[in-house]
Every structure is written in structure tokens, then in C-alpha cells.
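Each remark here refers to the structure printed beneath this line.
The values are calculated or read from the model by the stated rules, or taken from the named source; none is laboratory data. Keep in mind the model is a prediction, meaning the values are calculated, not measured. Cβ placement follows ideal geometry from the backbone for every residue including glycine, while neighbour counts extend to all protein chains displayed. To get the accessible areas, we keep the full protein, side chains included, count just its heavy atoms, and leave off ligands, DNA and RNA. Shrake-Rupley method; radii C 1.70, N 1.55, O 1.52, S 1.80 Å.
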Amino acid sequence: MSLLVVGLSHRSAPVSVLERASLAAETQSKLLQDALAAEPAAEATVLATCNRIELYADVDKFHAGVAELSTLLAQHSGVGLDELTPYLYVHYEDRAVHHLFSVACGLDSMVVGEGQILGQIKDALALGQETHTAGRLLNDLFQQSLRVGKRAHSETGIDRAGQSLVTFGLQQLSGGADTADWAKGKRALVIGAGSMSSLAAATLARTGVAEIVVANRTRARADRLVEILGQAGGTGVTARAVEMAAVSDELTRADVVVSCTGATGLVLTGETVAGALGLPFDAAATAVEAPAEPAADLDQHAAWVENGSAATTAQAQAVRRATVPAQSTGPVRLALLDLAMPRDIDGAAARLDGVRLVDIESLAEASADAPMAADVDQVRTIVADEVAAFGAAQRAAHITPTVVALRTMAADVVAGEIARLDGRLPDLDEKQRAEITQTVRRVVDKLLHAPTVRVKQLASEPGGAGYADALRELFDLDPQTVAAVSRADLNDPNRGRS
């Protein structure tokens, strides 16, 4: 196994960089095709969420793989390699497995313990399968990461360590008040009808808002979300769908707005928000000054290559704190929750009188020092155990084609000897021939049983990859035969499907 992951996340990069580096769906597919076209990568898939972009690949050369994947991320994200490099982290082999398992359990999430990442990992696996870029290693890895994540949520109280990003965002909007009391009777506008927006609408309904208006560029999806909200039952919420063109009008009646679209530009400008509240808008007075990006110096580059992410993470947090817009003071007339990446709502809106804005950036700031539940330690133990088990299984699987090829060769030898015996003793009846054949097969099976079982055990241990080569050399196995067994296993239509 030569698993490599190169990526950036809210832990290593400021939101301003994550926004610019975000990948559209079609860009992700092209990235994967280009990754496979590059020499070091045999398979690849990408995990792209609102706060992380990670490219996973099976590579045959570490340094060439790091250089190639980093270059591809820069090319497809549109952020220059020199600018992107300080924020990138690299994990290899078991450390890469540990990273993905930690991500799947919610340990690496902005809100520790949130479970939405499991759906995003499933989407990443599906993308690799649809583009035919995910092979045996990534299918096994991502399938196992989903199982590990589910195990962590079912066997521990990791859910108590954090909530979904939506729930956490609403808690921030409520300003410390009970969320249900804060939401009671409010009118909510949800912009977007994707998975995150749907979750936001359902959460608002359960929290107790009186009305939910859904706006989406595709009206049919907004209508469908409204229909689902109506089927939920028991919430008492009134829901209706509108066209995106009606957002400005709906904004004048809304108390809380949640936006999460795939738009590349702003959905709500500061001027639009000001107009909805009947406030004057001074672009110069509300502008948010962007800090200078850190330079990609040699020290940072060395830290990146050696997985020394602590320095860049601290640096990213400092930049992040500097870019969180100052909030207005006084009573809140309009609460805005922006869960999009890139952002949907102009950060300048936060400085308008009566507006409270919570976005990915401010959520990261609020959660940076959140207390960790004791269950987190239990999840970390689960992750460590699962990483060891996955590594052992992969190493054992590596030798399986060689063992199968050895047994195939032995079967061919038996068949050849029985055919030779038929020529020398043509008068043997069927019963005698069957008994001799069975006896020879039993002898061969008994001779091969102990060494093949033992070699699988040895191969599952760290450093056991060389046993497959030793077995091929000792028995003079044809490498093409071993490769054919591997290809047959890889092309099994039932393998790696969710």
C-alpha cells in the first residue's frame, strides 16, 4: 500500500484560501482524470467539502506523488502553487489511513463529532467509482472509513462532543439563549435546496420556527424540500417555495436566513441586506479588510513536507481571527447563517445595525477552543485499532494473489501427473483413478497448508510486504499469473460497492 493524501482544511488554511480553492463538481471529475494520467498515481479520488479539499491517491513514488498531486490541486483550484503550498498537508501510508478514519469519526471536523462528513465521504467514494479512478485500495479504504465512522458514533458518545454545523451555527446566532426559545415564532428564509440547506430547513422546523420559505435556482427542488417539510409532521411549521428572484422581497419579512448554495459569487450582498432592513449602505464603511497572505518560505515548506502542520495551523488561525468581520451591536433584527463555501453572504452585512452574521469563518473561530468530551479519547482508541487492523488486512491481501497463483501451479502439476499416470497405466478403472487423484491432491494440500497460512500471518505484520516476493522467487511463479489473479479480483463487479 502506497496511499498518499495531499490537502488543505480549516485546520491548515484560512477560509479566504479555502473559498478560492473550492472545486466544482465537474472540476473534481477532471482533477481525478488528470491524476490518473499522471505517472505516479494508479488510482485517485477527492474529498471536497465546505472546509476541506483532499486528494487521495495510490502512488508508486512518494516525492513524485507529492509534487504531482500538489501541482494538480493548484491547477484545478486556480490558486497558485506557491501560494497554496504553505497551507497543504501530506499524509502517507498508515498516517493517511489514520487521517481519513479520524475525519470519518468527526475528530477533524470544525465541530467535533458532527456526522455529516460520513455522507461526504460516501460521495467521494461514489465519485471515484463513477469516474473509474478508485481501485481496490481506495474502495477498501473509503468503505472501511465509513464503517469506522459509524462504529465511533454507535459505540461512543462522540455526538455529545459536538453538533452538526447547522445546529452549532444556530446556537451561535441565538447568542447563548436557548435555541428553541430564540427560534419560536420566527420566520426563516432558506436559500438553496441541497443536502446542507435541507438539513438546515429540517433543523429549523424542529427548533420551532413558525414559517420556512425555501428559495432555489431550480424551483422544482425547492418545491420538493417544502413537500418533505410538510410530510415531517408534528412541527407545525408552514413552508412554501419561491423563485430566487423573490429573495430580496422575502428578506424584508425574514427574521433568520440560512444560505448554502453552490454559487461562485455572493447571493446576498451587503447592499441587499441593508435595503431589506431600510438601512443606508456605505460600502467603504462596511468593507472588511483582507489580511496579507503568508509567504511560502522555506521553513513553511519544510514543515509542510514533514507533516508539521501545527505551525501552519496556528498561522491559519491567526489569519482567520483577523478576517472575522466585526459584528454590529444592539438588538438583532436579522440573523444570517452562511454555510456556503465560497461564501454566499457578504461579510460587510455583519456591520449593519441589527444584523448578526455567522459564517464558516466565525464558526471556526467559535469552535477553536470548544471543550472536548471524554468520548473523544475513546474514539481515538477506536481509530488507532482500526488503522492497525486495516494495515494488516491490506498487507495480507497483498500476498493473496501470490498464494492463489501457487495453489494454481500446484493444481496444474497434479493434473499433469495424473495425465502422465493415465498414459502409463491405462487399465486403471475410474474408482482407482479417482482414489489416486484424491490422494495426490491431499498430499499437495497438506504440504502447502502450513506455509501458506504462515506466510499470510507474516505478511500481515509490519514489514511483511517482502514475503510475497520471496514466495514468488522460491516457487518460480510466473509474475503474469500473479498479476492476472490481482486483475480478476480488482474487476469483481461486487467489490467496493456501497
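To keep it simple, each residue is scored yes or no on (1) at pLDDT below 50; (2) part of a loop (DSSP other than H, G, I, E, B); (3) out of contact with any Pro (no Cβ under 6 Å at 6 or more places or on another chain); (4) under 24 Å from Arg11 (Cα atoms).
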{"residue": "Thr272", "(1), (2), (3), (4)": "no, no, yes, no"}
{"residue": "Phe281", "(1), (2), (3), (4)": "no, yes, yes, no"}
{"residue": "Ala285", "(1), (2), (3), (4)": "no, no, yes, no"}
{"residue": "Ala290", "(1), (2), (3), (4)": "yes, yes, yes, yes"}
{"residue": "Ala295", "(1), (2), (3), (4)": "yes, yes, yes, yes"}
{"residue": "Ala303", "(1), (2), (3), (4)": "yes, no, yes, yes"}
{"residue": "Ala340", "(1), (2), (3), (4)": "no, yes, yes, yes"}
{"residue": "Arg356", "(1), (2), (3), (4)": "no, no, yes, no"}
Selection within region 120-133 - open to solvent by 20 Å² or more (accessible area, probe 1.4 Å) and either modelled with pLDDT under 90 or of a type in the set (A, V, I, L, M) (or both): Ala126, Leu127
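Taking the residues in region 250-273 that are of a type in the set (Gly, Ala, Ser) and open to solvent by less than 70 Å² (accessible area, probe 1.4 Å) as candidates, determine which candidate is farthest from Ala24 (Cα to Cα).
Ala254
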From (1) touching a helix residue (DSSP H, G or I) at 6+ places or on another chain (Cβ under 7 Å); (2) under 28 Å from Phe168 (Cα atoms), pick out the condition that doesn't hold for His99. (1)
Determine which single condition Asp108 fails, assuming it passes every other condition in (1) part of a helix (DSSP H, G or I); (2) open to solvent by 10 Å² or more (accessible area, probe 1.4 Å). (1)
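Can you tell me which of Ala276, Ala205, Ala222, Ala188 is surrounded by 15 or more Cβ atoms within 10 Å (Cβ to Cβ), closer than 14 Å to Leu339 by Cβ, of a type in the set (A, V, I, L, M) and at pLDDT 90 or above? Talk me through it step by step, then tell me what you get.
Values: Ala276 fails: closer than 14 Å to Leu339 by Cβ; Ala205 fails: closer than 14 Å to Leu339 by Cβ; Ala222 fails: closer than 14 Å to Leu339 by Cβ.
Going through Ala276, Ala205, Ala222, Ala188 in turn, just one is surrounded by 15 or more Cβ atoms within 10 Å (Cβ to Cβ), closer than 14 Å to Leu339 by Cβ, of a type in the set (A, V, I, L, M) and at pLDDT 90 or above: Ala188.
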Out of everything in region 389-423 that is crowded, with 18+ Cβ neighbours inside 10 Å and of a type in the set (A, V, I, L, M, F, W, C), what residue ends up being farthest from Leu477 (Cα to Cα)? Phe390
Can you run down the residue pairs with Cβ atoms below 8 Å, 6 or more apart or on separate chains, where the first is in region 118-133 and basic (Lys, Arg) and the partner is open to solvent by 10 Å² or more (accessible area, probe 1.4 Å)? Lys122/Leu146; Lys122/Ser498
Checking Asp255 against (1) at pLDDT 95 or above; (2) closer than 24 Å to Met341 by Cβ, the condition it does not meet: (2)
Residue within region 237-249 that is at pLDDT below 90 and surrounded by fewer than 16 Cβ atoms within 10 Å (Cβ to Cβ) present: no
